[in-house]
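The values are calculated or read from the model by the stated rules, or taken from the named source; none is laboratory data. Predicted model, so just to flag it, every value in this text is computed and none were measured. Heads up, the Cβs are rebuilt from the backbone with ideal geometry, glycines too, and the neighbour counts pull from every protein chain shown.
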Amino acid sequence: MKNTILLALLGATALTACGQEAGAPAENANTATEAPAAPTAEAIEAETERLNQWFSARWEEELDFSPIFKTFLGRDDNYAEIDDFSEEATEQQLAWRRAAATELKDSIDYDLLTPEAKISYDIWLYQLEQEEAGRPFWRRGYVFHQMNGPHSFLPNFLINFHSVETADDMRAYITRIGGVSRALGQALERAQFAAAEGVHAPRFAYEGVKQQAQALVSGVPFEGEGDAPLWGDANRKIAALLEAGEIDDATAEEMRAAARASLIDDFKPAYDALIAWVDEDIANSPEIATGIGSLPDGEAYYKERLAASTTTDMTANEVHELGLSEVARIRTEMEAIKETVGFEGTLQEFFTFMREDEQFYYPNTDEGREAYLQAAREHLALIKTKLPDYFGLLPKADLVVKRVEAFRERDGGAQHYYPGTPDGSRPGIFYAHLSDMKSMPIPQLEVIAYHEGNPGHHMQNTIAQEVEGLPEFRNQAGFTAYGEGWGLYSELLAKEMGAYQDPYSDFGRLTTEIWRAIRLVVDTGLHSKGWTEQQAIDYFTANSPAADGQIKSEVQRYIVMPGQATAYKVGMLKIVELRATAEAALGADFDIREFHDIVLGGGALPLAVLERRVDEWIASEKPA
């Protein structure tokens, strides 16, 4: 379930069935000579329906742990509440999942399920296995860092996802400000637990956290000029209610006073406490940033992170060697484009040219930023017209492209995507960090738009939410190798669909692909081979024309999010492999639209389960 994302703020193996083994012998003496009768279609339908009803009930129970996730889904129950971020609450959720898994195995006959229902059953238990594997390392991750800790996530959630259409919605918003303060305190406690066991974030991470936190408590109603982010957002929402006739002037003033009081009395003290702790603990950060290998249990923790991110049992060395191989292959393709555009010089010199020439950047002005956003919108509009030729399942929800809010924007920060609601009432959002336009090269604009939008994350997430016939927990499941693997596959697919007509844009596509291959080398280098931040930057720079700001930001991302960056290439290569297998097996009967629908139509899956799903489709498509 995607509420595990909230907790994170704080060669593939086969996924075997955890239920009764198909064909297991019964205990009576006649089994050796009498084969059991095959289950009837009616029995299979009945047991599958019973399983789906069980999933529906458990889904509602699971959602009750996360009012935030309910809001992401467009629901307004528990609208005034914020999740419990404490260790105790996390233990309670894990205990609930353990009990649910026991009930599932005791109450459902695995052999009487449809193939799709068996996948649902297996995924439910796989999610528990993932949580159990991560349990020993709850105090090993960095709770606060520059990428997306609870200090930035929670205000962003209120501003962009807590919609206000009624007076009660606004009162819930104000109450949630206090909940944010409580949750931030719980997250700080968890960071302090980790620090007591020798886990201290790198200095750059603490510096980023402090900068982001200070931006949230600067300005009105605190000290400084201009409106603080949440104060400005609260005023805009109150003004919209007033204009719509939902409230009168007196109620508006009452709401402004309540919001001001909560921000001053609750919100600011919580952020002041975080800033004070960062100032204190930063002295414990290592002088030279490295990976988690030096942390307590670092080797075991990284092994768990690789398994969680890739949904495979690949070792760090296997991931590293795969990265080296892919970097070499993609450099060859880059050489070909260099020759096509007539550049005289080495590939490294071409990297420098692409990194430094002014023609590859928009001006570092508001006009330049809007030009970047508009160009992304135009590329997405064009690719949208091509989607029906490659997909039967098409997203219904809209997609918007916007700049990251100022309080969490970072020079060279990674562009990212937030899904919309299942009913389409809130669109998906493709965010771009545009504070430094020299970190946003134009040749990479097109490919990143496809990765974050269509046919990438927006398409995959939206179809997963909209597809009918799956238990809702599968509509909302998330596996990084699948999701990011699809995003990277979609970059290549877009070329097949007619994108990248400019060779520099095609070089930009290869730039982002080699970027993901470099991640395999650099992530494992940092966390398994003892590389320093500078060693990782040097390797990245030698093999990519990415802007200096991008490279530094990316390497610092890998340091604080171990293993996550390896998922992209591993997932993409599996999808490419499965497509090649299907094309070879089906020949002229292969239908690209059907293949993509099979890949997307089951929601996010561990890679081994995705392979199983594709294999079953291939078998069903072969002539008898």
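Just a few scattered comments:
- Checked against the criterion of being in contact with a Ser or Thr (Cβ under 7 Å, 6 or more places away or on another chain), surrounded by fewer than 24 Cβ atoms within 10 Å (Cβ to Cβ) and not β-branched (V, I, T), the range 429-439 has no qualifying residue.
- Here G412 meets the list (1) over 24 Å from P155 (Cα atoms); (2) part of a loop (DSSP other than H, G, I, E, B); (3) not aliphatic (A, V, I, L, M) almost entirely, failing just condition (1).
- T421 being part of a loop (DSSP other than H, G, I, E, B) and among the β-branched types (V, I, T): yes
- All positions within the range 116-138 that are of a type in the set (K, R) and either within 18 Å of F479 (Cβ to Cβ) or buried (at least 21 other Cβ atoms within 10 Å of the Cβ) (or both): K118
- Residues of the range 286-319 that are buried (at least 17 other Cβ atoms within 10 Å of the Cβ), modelled with pLDDT of 95 or more and among the hydroxyl-bearing types (S, T, Y): Y301, Y302, S309, T310, T311, T312.
- Pairs are defined by a Cβ separation below 8 Å, a sequence spacing of at least 6 or placement on different chains, a first member in the range 229-254 that is small (G, A, S), and a second member that is in a loop (DSSP other than H, G, I, E, B) and surrounded by 18 or more Cβ atoms within 10 Å (Cβ to Cβ); the pairs so defined are A240/V164.
- The C-beta contact set for the range 590-605 (first residue outside the structural domain of L492 (by TED's automatic domain parsing), second residue aromatic (F, W, Y) and not in a loop (DSSP other than H, G, I, E, B), distance under 8 angstrom, 6+ apart or interchain) comprises E594/W617; F595/W617; I598/W617; V599/W486; L600/W486; A604/Y482; L605/Y482.
- Restricting the range 50-69 to residues that are out of contact with any Phe, Trp or Tyr (no Cβ under 9 Å at 6 or more places or on another chain) and under 23 Å from S163 (Cα atoms), the residue that is surrounded by the fewest Cβ atoms within 10 Å (Cβ to Cβ) is E60.
- For the range 189-208, the count of residues that are of a type in the set (K, R) and buried (at least 18 other Cβ atoms within 10 Å of the Cβ) is nonzero.
- Only listed residue being loosely packed, with under 14 Cβ neighbours inside 10 Å and touching a helix residue (DSSP H, G or I) at 6+ places or on another chain (Cβ under 9 Å), chosen from D77, D84: D77
- Of all the criteria given as (1) in a helix (DSSP H, G or I); (2) at positive phi; (3) small (G, A, S), the one not satisfied by G245 is (1).
- Residue-level analysis places I282 outside the set of residues that are within 30 Å of F351 (Cα to Cα), hydrophobic (A, V, I, L, M, F, W, C) and either surrounded by fewer than 20 Cβ atoms within 10 Å (Cβ to Cβ) or within 28 Å of the chain's Cα centre (by Cα) (or both).
- On the stretch given as the range 160-185, residues that are buried (at least 19 other Cβ atoms within 10 Å of the Cβ) and part of a helix (DSSP H, G or I) total 11.
- Checking each residue in the range 209-223 for being farther than 18 Å from E287 by Cα, among the aliphatic types (A, V, I, L, M) and surrounded by 18 or more Cβ atoms within 10 Å (Cβ to Cβ) picks out A213, A215, L216, V217.
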